[in-house]
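One structure is given here, and the rest of the page talks about it.
Coordinate-derived values only; no laboratory data. Keep in mind that this is a model prediction, so the values were computed, not measured. Cβ atoms come from the backbone with ideal geometry, glycine included; neighbour counts cover every protein chain shown.
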């Protein structure tokens, strides 16, 4: 029970699962009374058609034409970020706008600090989201020092507020709040530093994200704010089979996004493509259902054909099997990453703390833990995209900066074993993680050997003749011997760095 108190979202989900049929029916009936979704007017009711090009809006065409960009395979380390209006209350998580309308404990906290949700709604945080200390050039400098080769800020999170200059919604950062194009300014700053620029768009989740279930009155159905809140539509409801709450749960398929909402979703995504020419686009779990395949395929054709005209390699990255082709698979949090070497390319998005969006008192991880995750992922054919959490004033907290600089310090010495490498035929052996670059092999030790004498059995005579062994960050060659039993190496007396130590093994 204590665990559920600390995890209100889990508690809500469990309660959904225990609804009786009668309770579920009452929720379904309530749908009929919900205001319809407000959408923008599009020419002929449709988003723009895809530019001409090799990609057609079907899986066969996407699969036949798509290739994972070489740049993302070379980059290895990226920075994700959740930066938006939800950082103003800095409480709970980036899901604050959902919880303030759906969790009594959150509602109580919100009311005590800002006012009741009908008089001070989520929209009222926007004027407080000033980003007055946001310095995109400073951020770009930090990302370079951290060793990041690509970044991916949230252009729009579940809350529906656009962090970019949009002609399709007035609820955007250029028109309100900070009164500047956060996405545009950041894209210019990082690209000047040679960093690839992606965006994350969670617009699909906005369909039902703010639907209120608390007993208190709220502002979400006020017609004056319908073009921001939606209004939100009721979320999917779970009904027990046969009326037995202990039976397997099934979704009642009455909450699918409307056709006009999906056309707007596509139009807003096309606007981002045309305006910022992103190198990568990240979609969250909201796009996973198969019933969205048609609109997702139209998006892929638009994006990939646009990129073909730009002469750029780009990619979509999604979770689960949202895209059956044309994507780099993303895993949210390191614990979900593949445990073995894969034959497909992937990445992990993992937070620098326990939340993705900034909250007061958040505890950040260590640089060492991030580096070890990066090493593990690269050895298994993946990347790491570390999420950072800027504050609402536009600053990146000092403890997060310290972590980033620690990662960069390690990469300054050992980046040769990470960047531009590929996974070897075997990911690891004991305390060693393997990568390769041409004829050169790298064995990255995650622990320093106690007696300075090591043997790597995977690097015996089967890998061909080894002519030289060095350690990145250490001056001079290392003594070694190669035979059928493996590669025996004498480590230097002094460590060249902290965290992990990369052997560079050169072959004929």
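Can you give the calculated 222 nm mean residue ellipticity of the chain, where each DSSP H run of n ≥ 4 adds -39,500 (n - 2.57) and the sum is split over every residue, rounded to the nearest 500 deg cm²/dmol?
Numbers: 14 runs with 145 residues, N = 508.
Using -39500 (n - 2.57) per qualifying helix, the result is -8500 deg cm²/dmol.
How do 85, 469 rank when sorted from fewest to most other Cβ atoms within 10 Å of their own Cβ? Mind dumping the intermediate values first?
Numbers: 85 28, 469 22.
So the ranking, lowest neighbour count to highest, is 469, 85.
Nearest 10 degrees is fine. How inclined is helix 21-31 to the longest principal axis of the chain, computing both from alpha carbons?
80 degrees
Just to be sure I understand the model, the point goes 7 Å from the Cα along the line to the Cβ. What's the resulting residue 313 to residue 393 distance in nm?
4.2 nm
Report the extension gain between residue 167 and residue 508 in nm, rounded to one decimal, defined as 0.36 nm multiplied by the number of residues separating them, less their alpha carbon distance.
Details: separation 341, 0.36 × 341 = 122.76 nm, distance 5.86 nm.
Working it through step by step, the gained length comes to 116.9 nm.
For the chain, take the longest principal axis of its alpha carbons; what is the angle in degrees between that and the long axis of helix 8-17, to the nearest 10 within 0 to 90?
Relative to the chain, helix 8-17 is tipped by roughly 60 degrees.
For the modelled label position 7 Å from the Cα of residue 426 along Cα-to-Cβ, which residues of region 328-360 have backbone nitrogen atoms closer than 16 Å?
340-342
Classify region 62-140 from the C-alpha gyration tensor, please: rounded if a/c falls under 1.5, else prolate or oblate depending on whether a/b exceeds b/c. Working shown, then result.
Details: a/c = 3.38, a/b = 2.00, b/c = 1.69.
Prolate.
Within a 10 angstrom radius of the beta carbon, how do 497, 152 rank from fewest other beta carbons to most?
Working: 497 17, 152 24.
Ordered by Cβ neighbours within 10 Å, fewest first: 497, 152.
Between the helical axis of 259-276 and the dominant principal axis of the chain, each derived from Cα atoms, what acute angle in degrees is found, rounded to the nearest 10?
Here the helix axis deviates by roughly 40 degrees.
Once the Cβ-Cβ distance between residue 227 and residue 465 is put in as r, and R0 is 45 Å, what FRET efficiency do you end up with, to the nearest 0.05?
In this case the efficiency is close to 0.05.
What distance in nm separates the two pseudo spin-label positions at residue 452 and residue 483, each 7 Å out from Cα along the beta-carbon direction?
Result: 2.2 nm between the two label points.
What is the distance, in nm, between label points placed 7 Å from the Cα along the Cα-to-Cβ direction at residue 48 and at residue 192?
2.7 nm
Compute the Cα gyration tensor for the chain, then decide on rounded, prolate or oblate, letting a ≥ b ≥ c be the square roots of its eigenvalues: rounded whenever a/c is under 1.5, prolate when a/b is larger than b/c in the other cases, and oblate in all that remain.
Numbers: a/c = 1.85, a/b = 1.76, b/c = 1.05.
Since a/c reaches 1.5 and a/b is larger than b/c, the shape of the chain is classed as prolate.
Any chance you could run the full-extension gain for residue 405 through residue 215? It's 0.36 nm times the residue separation minus the Cα-Cα distance, nm to one decimal. Before the final figure, lay out each step's value.
Working: separation 190, 0.36 × 190 = 68.40 nm, distance 4.66 nm.
Stretched out fully, the residue 405 to residue 215 stretch lengthens by 63.7 nm.
At q = 0.15, 0.22, 0.23 Å⁻¹, what log₁₀ I(q)/I(0) does region 422-507 have when each alpha carbon counts as one equal point scatterer in the Debye sum?
Each listed q maps to, in turn, -0.48, -1.11, -1.23.
List the relative contact order of the chain as a percent without decimals, with contacts defined as Cα pairs under 8 Å and 6+ residues apart. Numbers along the way, then the final one.
Details: 994 pairs, mean separation 91.8, N = 508.
Rounded, it is 18 percent for the chain.
Calculated FRET efficiency, residue 360 and residue 68, Cβ-Cβ r, R0 45 Å, to nearest 0.05? Each step should come with its number before you reach the end.
Working: r = 39 Å, r/R0 = 0.87.
Once rounded, the FRET efficiency stands at 0.70.
Give the order of 346, 291 when sorted by the count of other beta carbons within 10 angstrom, beginning with the fewest. Numbers along the way, then the final one.
Numbers: 346 19, 291 10.
The order, fewest Cβ neighbours first, is 291, 346.
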